[in-house]
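Quick notes on the structure that follows.
The values are calculated or read from the model by the stated rules, or taken from the named source; none is laboratory data. Since we're looking at a predicted model, the values are computed, not measured. Note: areas computed on protein heavy atoms with side chains; ligands, DNA, RNA excluded. Shrake-Rupley method; radii C 1.70, N 1.55, O 1.52, S 1.80 Å.
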Amino acid sequence: MKFEEVVNKYTNLAYKIAIDMTSSPEDSQDLVQEAYLSLYSHFKEYKKLQENELRNVLCKIVLNKCKDYLKSNKRKEIAVLEDISNIEEFNLQDDFVDDLIRDEKNDFIKSKILELKYPYDKILTQYYIEEHSLDEIARKQNTTKGTIKVQLTRGKKLLKEILRKERIL
C-alpha cells in the first residue's frame, strides 16, 4: 500500500481518535499530521505490513502522539496553577455567566453545574449556589485562594460549553 493511499483511507479514523482524546479540533489536526510524519519517516519498514496491520500501526502512533500531548499539557497546567496561586489579584470577569447563575439559580442551571467533573461541580456549587467566598472555599478545600480562582474560571468555561451545546448561550 502506498503512503498516499494510507493517508486517503485512514485520515478520518486518525482524526476521530485524536478528537476523542483531546476534544480540540485544531490540536487533533496537528497530532494527526505529526502521526503521519512519524509513519512516513519509517514507511519503508511498514510497507511490508498488511493493510489492517498498517492501520493498527497508524492508530497506535496517533494514540501515542495524543498521550504525549496530554502529558505535556498537564505539566503546563500545573506550572500555571503554581504561578497563579502566587498572584494576589486574579480577574474572574465573565459577567454573563455570573449573572445567569446568580440571577436565575434555577434547577436547570444547577443540574448543569452538577454535570461538571470534580472539582468544578463542587467549586461552582459552593461559590454560586451556597454563596461561599473564595477564602471559605479555599479553607474547606485545604488549598489556596489562587487555586480556587483557577478552578472557578475553568468550571465556568466548562459550564459555558455545556450551555452552548444546550443552545442556552
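In table form, for the structure just shown:
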| item | result |
| --- | --- |
| Accessible-area value, F43, 1.4 Å probe, nucleic acids and ligands omitted, Å² | 20 |
| S41 accessible area, assembled protein chains, probe 1.4 Å, Å² | 80 |
| Accessible surface ranking that places the most exposed of K117, K160 first, with a 1.4 angstrom probe | K117, K160 |
| Part-to-part distance (alpha-carbon centres) for the stretch 1-75 and the stretch 121-166, which is given in Å | 36 |
| Links that overshoot a 24 Å alpha carbon limit, given the list K122/K160; K16/K71; K48/K71; K110/K156 | K48/K71 |
| Integer Hz, Karplus 6.51/-1.76/1.60 couplings in order for the stretch 48-61, x for Gly and Pro | 6, 6, 6, 4, 5, 5, 5, 4, 5, 5, 4, 4, 5, 5 |
| L134, L49, reordered so the largest accessible area comes first (probe 1.4 Å) | L49, L134 |
| Distant-in-sequence amide H partners of H132 (H built 1.01 Å from N, under 5 Å) | Y127 |
